[in-house]
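A.B. asks: One structure coming up, written as structure tokens, with questions to follow.
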Amino acid sequence: MFKSPFYSLLFLLVLEIGTTPSWAQTEPPKPVDLVNPLVDAANSRWFFFNSASRPFGMVNLSPDNAVNADWNAGYRFHLDSIKCFSHIHGWQLSGIPVMPTTGEFKGHLGAGQYGSPFSHASEVIKAGYHKVVLDRYKITAELTSTTRVGFHQYTFPASAQSHILFDFSTFLGPSDTQKGYVKKVSNQEIEGYAIMAPTIRRPKTLTVFFVAVFDKPFESFKGWRNGTLETPGDLIEGERTGAYLSFKTGAGDVRKMKVAISYVSEAQARLNLTAELPHWDFEKTVQESRTDWNNWLSRIEVQGGTETERSRFYTDLWHALQGRRIISDVNGKYSDMTGPERRIKQIPLDANGKPRFNHHNFDSMWGAQWSLNTLWHLVYPEVTESFVNSMLLMYDDGGLIPRGPAGGNYTYVMTGASSTPFIVSAYLKGIKGFDHQKAYEGLRKNHFPGGMMSKAGYEHNTFKGGGLEFYLERGYVPHPMGKTRYGFHQDGSTQTLEYAYQDYTLAQMAQKLGKTDDYSLFMKRAENYKNIWNPELGWMWNRTLDGKWGEPADILRYDNGWEEGNAAQYTWFVPHDVQGLINLMGGREAFTAKLNSSFEKAEKHDFVSGKSHDKETLEELRRVFINYGNQPCMQTPFLFNYAGSPWLTQHWTRQIIEKVYSGISPDFGYSGDEDQGLMGSLSVLLKTGLFSTNGGTTPEPFYEISSPLFNKITIHLNPRYYKGKQFVIEAKDNSPRNLYIQSAQVNGKALDQPWVTHETVVNGGTLRLQMGGKPNKAWGSKPEQAPVSMSSKSEK
């Protein structure tokens, strides 16, 4: 290889002084620099892809390659044109699509006509920044944001006709645009709103207000209606409308635009703009976003592994801090959509006049017990606290703690009372900056008729699809429950298992609050999982209305009583009582053999039911024992820790990481539904080697230990919540081959069990693991060393 004189001189200098000179050293990449937003971008769901956004930002300013769908919309890596840049990309939320163009205006003809081809070769995507060249128009578009403001920088070619359009005739993601309103305020400012039409999940309209300001004047303000151009004066509104601003540009002319949004009013959008982005320094905002992201991501530092593994880790962590977006304004104003009419409310302020928390939008907490409960509560407890208070805000406003709100609307997404484990775990871990009595009151309401357990998925007008009356009377929800379908996800066996687990978690909060009668009640209900155990079949199975076992028995049949899974996957769904499940299966050896056999079968298809969502939907690919492309069996490899075979937990978690959550390809990465950071969070936990099967809901929460991917992991603890400064996990002699724990120490003392208490972790210290190439089948294998569960002797 040819070496230039410069590099020869550098080599001699290094030889002479024994170190690289400071001017030749390169700073190692920071966590933010390792984020790769393109992971799995070929399989995007509407709200999956993020680029110009902040943590939990109200704004997620990103290109849309496809519109008019929940799946297959948003940014799709292999599509070759950009339809628009829109600002939200949230769970059942969308709005404010814009596009810069040149030449004869065609915006009124729709995104299919005004969109532009682009090339990945000229594209730059980083956390908080997106740059792309619109080839049709020779415009370079750069995007960044604050929490509530999108910041655009467009470099135009020479053109007598340059434009920026706002299209309110679009169908963005899962939601049509019902109406648009745009008003010219001056020749450098417009304001308005878009009304998002109802969806099957969000049954009420949602209004997104905006203010857009420009660093240079525009020459004309025009619009269109129903595909026909208009010259509207200073205002255009109605269905199928849009507006565009026109001006002349010279070669290389730069135009900047700031778009602030609010769900309350244009005035509130302007307040968000003034508070968050008072200047026009685009590069400053890019750097501030980078710093913001790096501060969040640096809460966990990893050493070792390959650069690709580190990149994927921080991409996963980045996903865990996205999707579940802020919907309240900078001063705490928010739109309450829980009642028949929209109401404007105010979040309580602290002593400094700042909102005490944010109001949030999020897809269900369904499955979060195995992801967000552990990651957020430990690493980002302030986020947990904000989300809990947001849920209690909806309880005050609408009478129910939600399981997945969209823009202040109840959606009744998925099933059960999935918020219960999240809030209970937070309380048990000492995150107590919320009204505990109110939280318990609201959670308890959800566990009785008229609460969330009474509703099946998207059951907006009745309280019957959850089958809760059957559960209370019989101890199980039959499947089928009857001929009437009140909502989606009316799957009785899944509902039975979920309710039993959620009842257990609520029992623990009841006990801590001194509610002994409730504790006894919910602990008794927590045993209901046993009522769908079919001893002859050896698996959990459906009970029909007449109390008999459903026929024919097919444990691999998807749905059919099992929500987004099957009986083979859901049999392991007893997070609160793994020991009880072990007992039902005939003891540790039988349990381990059955579970290990499931993993051996699943290994043949890489532990998923297809490498993308469109494959996952194929019936023949759904007939699998384990599926890591969705939530129902995320906890399964950790169950070996309970059955005396921690080495199998170590083995299978490493295989799952390798097959499902490795690499940085746009074509692969999450193998199904990433669900707003649930799978990103899970991947982070797998790679750190800490997990919680019960979601941190035992009286003394704990973390199960598996095989960490990295040699050293440092978790920086928030001192406002935890007294320890940091918790370090060191894996000596760690490698792809040396994946088995030989021995362990916590703070210098031998640890002979495959779990460690939450208190130990948050008090700070070091977990040292000696790794090796062969399993130590004795470590952590004794019954008394297993993690506790409801039927454990130590729990009695």
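A.B. asks: Name the single residue that is modelled with the lowest pLDDT among those in segment 332-368 being part of a loop (DSSP other than H, G, I, E, B) and either of a type in the set (Ser, Thr, Tyr) or touching a helix residue (DSSP H, G or I) at 6+ places or on another chain (Cβ under 6 Å) (or both).
C.D. replies: Looking at the filtered set, the residue picked out is 364.
A.B. asks: Taking the condition of being over 26 Å from the mean Cα position of the chain (by Cα) and either polar (S, T, N, Q) or closer than 17 Å to residue 258 by Cβ (or both), how many residues in segment 99-131 meet it?
C.D. replies: Looking only at that region, the number is 8.
A.B. asks: On to the next question. If I go through segment 211-237 residue by residue, how many of them are at pLDDT 95 or above and touching a Gly at 6+ places or on another chain (Cβ under 7 Å)?
C.D. replies: Number satisfying all stated conditions: 5.
A.B. asks: Confirm whether residue 283 is in contact with an Asp or Glu (Cβ under 6 Å, 6 or more places away or on another chain) and on the phi < 0 side of the Ramachandran plot. Can you show your working first?
C.D. replies: Numbers: in contact with an Asp or Glu (Cβ under 6 Å, 6 or more places away or on another chain): no; on the phi < 0 side of the Ramachandran plot: yes.
Here the answer is no, as residue 283 does not meet what is asked.
A.B. asks: Taking the condition of being modelled with pLDDT of 95 or more and either among the small types (Gly, Ala, Ser) or assigned to a loop (DSSP other than H, G, I, E, B) (or both), how many residues in segment 744-796 meet it?
C.D. replies: Within segment 744-796, the first condition is being modelled with pLDDT of 95 or more, and the residues that meet it are 744-791.
Right, trim to either among the small types (Gly, Ala, Ser) or assigned to a loop (DSSP other than H, G, I, E, B) (or both) and you get 744, 747-748, 750-754, 763-765, 772-782, 786-791.
Number of matching residues: 28.
A.B. asks: So, one more: Output yes when any residue across segment 711-722 is outside any strand (DSSP E or B), assigned by TED's automatic domain parsing to the domain that holds residue 432, closer than 18 Å to residue 784 by Cβ and among the aliphatic types (A, V, I, L, M), and no when none is.
C.D. replies: Scanning segment 711-722 turns up no residue that is outside any strand (DSSP E or B), assigned by TED's automatic domain parsing to the domain that holds residue 432, closer than 18 Å to residue 784 by Cβ and among the aliphatic types (A, V, I, L, M).
A.B. asks: Residue pairs, Cβ under 7 Å, 6 or more apart or interchain, first in segment 265-284 and farther than 20 Å from residue 346 by Cβ, second at pLDDT 95 or above and aliphatic (A, V, I, L, M). List them.
C.D. replies: 277/149
A.B. asks: Does at least one position in segment 361-368 carry a residue that is buried (at least 24 other Cβ atoms within 10 Å of the Cβ) and closer than 16 Å to residue 435 by Cα?
C.D. replies: no
A.B. asks: Can you pull out every residue in segment 38-51 that is over 20 Å from residue 174 (Cβ atoms) and surrounded by fewer than 24 Cβ atoms within 10 Å (Cβ to Cβ)?
C.D. replies: Within segment 38-51, just 38 meets the criteria.
A.B. asks: Any residue in segment 233-249 that's assigned by TED's automatic domain parsing to the domain that holds residue 154 and touching a residue at least 24 places away in the same chain (Cβ under 8 Å): show its pairings with residues that are assigned to a strand (DSSP E or B) and loosely packed, with under 14 Cβ neighbours inside 10 Å at Cβ separation under 6 Å, as long as the two are six or more apart or on different chains.
C.D. replies: These pairs meet every condition: 246/220; 248/160.
A.B. asks: Among the residues of segment 492-511, is there at least one that is of a type in the set (Ser, Thr, Tyr), in a loop (DSSP other than H, G, I, E, B), surrounded by 17 or more Cβ atoms within 10 Å (Cβ to Cβ) and assigned by TED's automatic domain parsing to the domain that holds residue 565?
C.D. replies: No: segment 492-511 contains no residue that is of a type in the set (Ser, Thr, Tyr), in a loop (DSSP other than H, G, I, E, B), surrounded by 17 or more Cβ atoms within 10 Å (Cβ to Cβ) and assigned by TED's automatic domain parsing to the domain that holds residue 565.
A.B. asks: Can you tell me which of 728, 756, 746 is crowded, with 19+ Cβ neighbours inside 10 Å and assigned by TED's automatic domain parsing to the domain that holds residue 687?
C.D. replies: The conditions single out 756.
A.B. asks: For residues in segment 120-156 being touching a residue at least 60 places away in the same chain (Cβ under 8 Å) and surrounded by fewer than 20 Cβ atoms within 10 Å (Cβ to Cβ), which is nearest to residue 315 (Cα to Cα)?
C.D. replies: So the residue we want is 126.
A.B. asks: Further question on the same structure: Can you tell me how many residues within segment 716-735 are closer than 20 Å to residue 682 by Cβ and out of contact with any helix residue (DSSP H, G or I) (no Cβ under 6 Å at 6 or more places or on another chain)?
C.D. replies: Within segment 716-735, the first condition is being closer than 20 Å to residue 682 by Cβ, and the residues that meet it are 727, 729, 731.
If we keep only those that are out of contact with any helix residue (DSSP H, G or I) (no Cβ under 6 Å at 6 or more places or on another chain) as well, we get 729, 731.
Summing the residues that are closer than 20 Å to residue 682 by Cβ and out of contact with any helix residue (DSSP H, G or I) (no Cβ under 6 Å at 6 or more places or on another chain) in segment 716-735 gives 2.
A.B. asks: Looking at (1) at pLDDT below 95; (2) in a helix (DSSP H, G or I); (3) within 22 Å of residue 456 (Cβ to Cβ), which is the only condition residue 614 fails?
C.D. replies: (3)
A.B. asks: Here are some conditions: (1) under 25 Å from residue 193 (Cα atoms); (2) surrounded by 18 or more Cβ atoms within 10 Å (Cβ to Cβ); (3) under 35 Å from the mean Cα position of the chain (by Cα); (4) of a type in the set (Val, Ile, Thr). Residue 274 meets all but one. Which one does it not meet?
C.D. replies: (2)
A.B. asks: If residue 201 satisfies all but one of (1) in a strand (DSSP E or B); (2) under 30 Å from residue 411 (Cβ atoms); (3) not aromatic (Phe, Trp, Tyr), what's the number of the condition it fails?
C.D. replies: (1)
A.B. asks: Run residue 32 past the list (1) in a loop (DSSP other than H, G, I, E, B); (2) modelled with pLDDT of 50 or more and report the number of the one that doesn't hold.
C.D. replies: With (1) in a loop (DSSP other than H, G, I, E, B); (2) modelled with pLDDT of 50 or more applied to residue 32, the lone miss is (1).
A.B. asks: For segment 348-385, name all the residues that are among the polar types (S, T, N, Q) and in contact with a strand residue (DSSP E or B) (Cβ under 7 Å, 6 or more places away or on another chain). Explain how you work it out, then say what you get.
C.D. replies: To start, the set of residues in segment 348-385 that are among the polar types (S, T, N, Q) comprises 352, 358, 361, 364, 369, 371, 373-374, 384.
Listed by number, the residues that qualify are 358, 361, 374.
To keep it simple, each residue is scored yes or no on (1) under 27 Å from residue 610 (Cα atoms); (2) in contact (Cβ under 8 Å) with a residue 12 or more places away in the chain.
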{"position": "649", "(1), (2)": "yes, yes"}
{"position": "654", "(1), (2)": "yes, yes"}
{"position": "657", "(1), (2)": "yes, yes"}
{"position": "675", "(1), (2)": "yes, yes"}
{"position": "707", "(1), (2)": "yes, yes"}
{"position": "719", "(1), (2)": "no, no"}
{"position": "750", "(1), (2)": "no, no"}
{"position": "762", "(1), (2)": "no, yes"}
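A.B. asks: From the list 692, 735, exactly one residue is in the same structural domain as residue 308 (by TED's automatic domain parsing) and buried (at least 24 other Cβ atoms within 10 Å of the Cβ). Which is it?
C.D. replies: 692
A.B. asks: Same structure again: Is it the case that segment 734-747 has a residue that's in contact with a strand residue (DSSP E or B) (Cβ under 6 Å, 6 or more places away or on another chain), hydrophobic (A, V, I, L, M, F, W, C) and touching a residue at least 40 places away in the same chain (Cβ under 8 Å)?
C.D. replies: Just the residues of segment 734-747 that are in contact with a strand residue (DSSP E or B) (Cβ under 6 Å, 6 or more places away or on another chain), to begin with: 734, 738, 740-747.
After this cut, where a residue has to be hydrophobic (A, V, I, L, M, F, W, C) as well, the list is 741, 744, 746.
Filter once more, keeping what is touching a residue at least 40 places away in the same chain (Cβ under 8 Å): 741.
Scanning segment 734-747 turns up at least one residue that is in contact with a strand residue (DSSP E or B) (Cβ under 6 Å, 6 or more places away or on another chain), hydrophobic (A, V, I, L, M, F, W, C) and touching a residue at least 40 places away in the same chain (Cβ under 8 Å).
A.B. asks: Tally time: how many residues in segment 126-143 are within 14 Å of residue 287 (Cα to Cα) and of a type outside the set (Asp, Glu)?
C.D. replies: Step one: filter segment 126-143 for residues within 14 Å of residue 287 (Cα to Cα), giving 126-130, 142-143.
Pick out the ones that are also of a type outside the set (Asp, Glu) and you get 126-130, 143.
Of the residues in segment 126-143, 6 are within 14 Å of residue 287 (Cα to Cα) and of a type outside the set (Asp, Glu).
A.B. asks: A further question follows. Determine, yes or no, whether residue 77 is modelled with pLDDT of 95 or more and outside the structural domain of residue 362 (by TED's automatic domain parsing).
C.D. replies: Judged against the criteria, residue 77 is not a match.
A.B. asks: Does residue 202 satisfy the condition of being buried (at least 17 other Cβ atoms within 10 Å of the Cβ), among the charged types (D, E, K, R) and modelled with pLDDT under 95?
C.D. replies: Answer is yes for this residue.
A.B. asks: Would you pick out the residues in segment 306-331 that are surrounded by fewer than 21 Cβ atoms within 10 Å (Cβ to Cβ) and either assigned to a loop (DSSP other than H, G, I, E, B) or among the aliphatic types (A, V, I, L, M) (or both)?
C.D. replies: Result: 306, 331.
A.B. asks: Considering segment 244-285 alone, what residues qualify as being outside any helix (DSSP H, G or I) and aliphatic (A, V, I, L, M)?
C.D. replies: 245, 251, 254, 257, 259, 260, 261, 264, 277
A.B. asks: Check 393, 375 and return the single one that is assigned by TED's automatic domain parsing to the domain that holds residue 763, under 17 Å from the mean Cα position of the chain (by Cα), buried (at least 24 other Cβ atoms within 10 Å of the Cβ) and over 21 Å from residue 497 (Cα atoms). So that I can check it myself, show each step before the final result.
C.D. replies: Working: 393 fails: under 17 Å from the mean Cα position of the chain (by Cα).
Of 393, 375, the one residue that is assigned by TED's automatic domain parsing to the domain that holds residue 763, under 17 Å from the mean Cα position of the chain (by Cα), buried (at least 24 other Cβ atoms within 10 Å of the Cβ) and over 21 Å from residue 497 (Cα atoms) is 375.
The values are calculated or read from the model by the stated rules, or taken from the named source; none is laboratory data. Every value quoted in this text rests on a predicted model; they were computed, and no experiment measured them. Cβ: placed from backbone, ideal geometry, glycine included. Neighbour counts: every protein chain shown.
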